[in-house]
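Since the structure comes first, as structure tokens, the remarks are kept for the end.
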Amino acid sequence: MIGLTYFKRFRMEVELGRVLAEPVAPDGYRLIPWRPELLSAHAEAKYHSFRNGIDANVFPCLGENEGCLRLMREISQKEGFLPEATWLAVQDPVAAAPEFCGTIQGIRDRTGMGAIQNLGITPEHRGQGLGRTLMLAALAGFRSVGLRRAYLEVTAQNDSAIRLYRRLGFHKVRTVYKAVEAPSMALR
Ligand SMILES: CC(C)(COP(=O)(O)OP(=O)(O)OC[C@H]1O[C@@H](n2cnc3c(N)ncnc32)[C@H](O)[C@@H]1OP(=O)(O)O)[C@@H](O)C(=O)NCCC(=O)NCCS
């Protein structure tokens, strides 16, 4: 039987004037600004970041390779898509091919606010400051095109992401519930 599951999520916002730190990538990593040829690299990083996480239940396309490609195409074709707020994190190991280990994308919404789409770091590269660096780079991108405020939505169970956003100055402004069609699952 198909039922609706509701996921509790928070909308969090930040004043862009308050974000001061420079985005400095940890040793061995670099951030690459958006260009269209990197679409599949972003999709790959997104898929490996989200496939086993809570958000793959909330947005099933995040749990599929093809779904992540589709999502990246949609995001990059949106009217307000901001290349300045869209970054790829790469590791360049000695004597090995570069590895795509994180992605963030930003758009300008219809009200003129910056909207973070998805921030994801692949599991092997977490806990070193890459998530923070990518977020700082996206926020700097919003600021560079004159935006004053930015927001994102995060699933309430995602404690580590919420901690990261709080440290960067984001605060909760409201709770929203995302309805997802699923074979009879309990209310979360
Ligand atoms: C949420 C997410 C993006 C965080 O990425 P990350 O690269 O691990 O983030 P950071 O390294 O900047 O911060 C994570 C932790 O590492 C710690 N850390 C940062 N730099 C560190 C360093 N040099 N040494 C040790 N610890 C460090 C931070 O203090 C933080 O600790 P905390 O979780 O106890 O608060 C990542 O876990 C992820 O992709 N999750 C799955 C997808 C997802 O849920 N995305 C968010 C959707 S809204």
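What follows is calculated from the coordinates using simple rules that are stated; it is not laboratory data. None of the values given here were measured: they were computed from a predicted structure. Positions of Cβ are backbone-derived with ideal geometry, glycine not excepted, and every protein chain shown enters the neighbour counts.
Numbers for the structure displayed
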item	result
Sole exception among (1) surrounded by fewer than 16 Cβ atoms within 10 Å (Cβ to Cβ); (2) of a type in the set (A, V, I, L, M, F, W, C); (3) in contact with a strand residue (DSSP E or B) (Cβ under 7 Å, 6 or more places away or on another chain) for Cys101, by number	(1)
Considering residues of segment 56-66 that are under 15 Å from the mean Cα position of the chain (by Cα) and in a helix (DSSP H, G or I) only, the residue nearest to Phe7 (Cα to Cα)	Val58
Matching option when the condition is within 15 Å of the chain's Cα centre (by Cα) and in contact (Cβ under 8 Å) with a residue 40 or more places away in the chain, among Pro83, Pro93, Pro26	Pro83
Only listed residue being under 22 Å from Gly17 (Cβ atoms) and assigned to a loop (DSSP other than H, G, I, E, B), chosen from Thr133, Thr111	Thr111
Qualifying residue in segment 123-130 (condition: within 8 Å of the ligand (Cβ to nearest atom) and under 13 Å from the mean Cα position of the chain (by Cα))	yes
Matching residues, segment 131-188, being hydroxyl-bearing (Ser, Thr, Tyr), within 22 Å of Pro33 (Cβ to Cβ) and either within 8 Å of the ligand (Cβ to nearest atom) or free of Cβ contacts under 8 Å to residues at least 24 places away in the same chain (or both)	Thr133
